[in-house]
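Participant: One structure follows; several queries about it will come next.
Just so you know, all these numbers are worked out from the coordinates, no wet-lab data involved. Computed from a predicted model, the values in this text were never measured in an experiment. Here the Cβ is made from the backbone with ideal geometry for all residues, glycine too, and neighbour counts use every protein chain on show.
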């Protein structure tokens, strides 16, 4: 998987070795593998639960499928610093659907990093073989997350409840020309 670049970010593939180091709480090893300084709160249990829905054994059994498109966000200018991630929840399913999630460290939020990174990752995904749509789900109260999705062309599919949360479901289709090729 290639590195994606945006004006301010280097979006580098998340490898199995990085996942194992993060999930084991080995900060020094994670920084060495990423060749970048981690945010102060990394790694931690809440981060792992948000970023990885599958357990480590499931990721190890098929890392290419589970880590499909997952990237860590590193600042391109100044010291190499991890500022967040964009992850897909696995490779495209049989219907050509992938789901994207994203996060930026709190001290760098509201500066456009999530929008910049998610747009690049989604654009990449929509030209990959077998992908016809990218979906995302966010709590209805999470206005910043909803704005990211809406800014980059996602449309609301509907809402649903999950664990006492109202969730908004979004999607962005590949262009008609790309859909015809898939």
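Participant: What is the chain's relative contact order, in percent, from Cα pairs under 8 angstrom and six or more apart in sequence?
Facilitator: Values: 298 pairs, mean separation 30.1, N = 182.
17 percent.
Participant: At each listed q (0.11, 0.16, 0.17, 0.18 Å⁻¹), what is the log10 of I(q)/I(0) that the Debye formula gives for the chain modelled as equal alpha-carbon point scatterers?
Facilitator: -0.46, -1.02, -1.16, -1.29
Participant: Show me, bin by bin at 5 Å from 0, the whole-percent P(r) of the stretch 107-150 based on Cα pairs.
Facilitator: 5, 20, 27, 22, 16, 8, 3, 0
Participant: Something else now. Anyone know which of 27, 132, 160 comes out most mobile in the 10 Å Cα GNM of the chain?
Facilitator: So, out of 27, 132, 160, the one fluctuating most is 160.
Participant: Same structure, new question: Given springs between every Cα pair under 10 Å in a Gaussian network model of the chain, which of 152, 74, 14 has the largest fluctuation?
Facilitator: Checking each option, the largest mean-square fluctuation is seen for 152.
Participant: Taking the Cα centre of each part, how many Å lie between the stretch 134-150 and the stretch 1-30?
Facilitator: After rounding, the separation between the Cα centres reads 24 Å.
Participant: Place a point 7 Å from Cα of residue 171 in the direction of its Cβ. Which residues in the stretch 144-162 have their backbone N less than 12 Å from it?
Facilitator: Answer for the stretch 144-162: 155-158.
Participant: For the chain, what does the helix formula give at 222 nm: sum of -39500 (n - 2.57) over DSSP H segments with n ≥ 4, over the residue count, nearest 500 deg cm²/dmol?
Facilitator: Details: 8 runs with 62 residues, N = 182.
One gets -9000 deg cm²/dmol as the mean residue ellipticity at 222 nm.
Participant: What distance in nm separates the simple spin-label points at residue 64 and residue 15, each placed 7 Å from Cα in the Cβ direction?
Facilitator: 1.6 nm
Participant: Here's another thing I want to ask about it. Give me the one-decimal nm value for the distance between modelled label points at residue 94 and residue 127, 7 Å along each residue's Cα-to-Cβ direction.
Facilitator: 3.0 nm
Participant: Another question, if that's okay. Could you give the length gained on full extension between residue 164 and residue 151, defined as 0.36 nm per residue of separation minus the Cα-Cα distance, in nm?
Facilitator: Numbers: separation 13, 0.36 × 13 = 4.68 nm, distance 2.70 nm.
Taking 0.36 nm per residue and subtracting the Cα distance, the gain is 2.0 nm.
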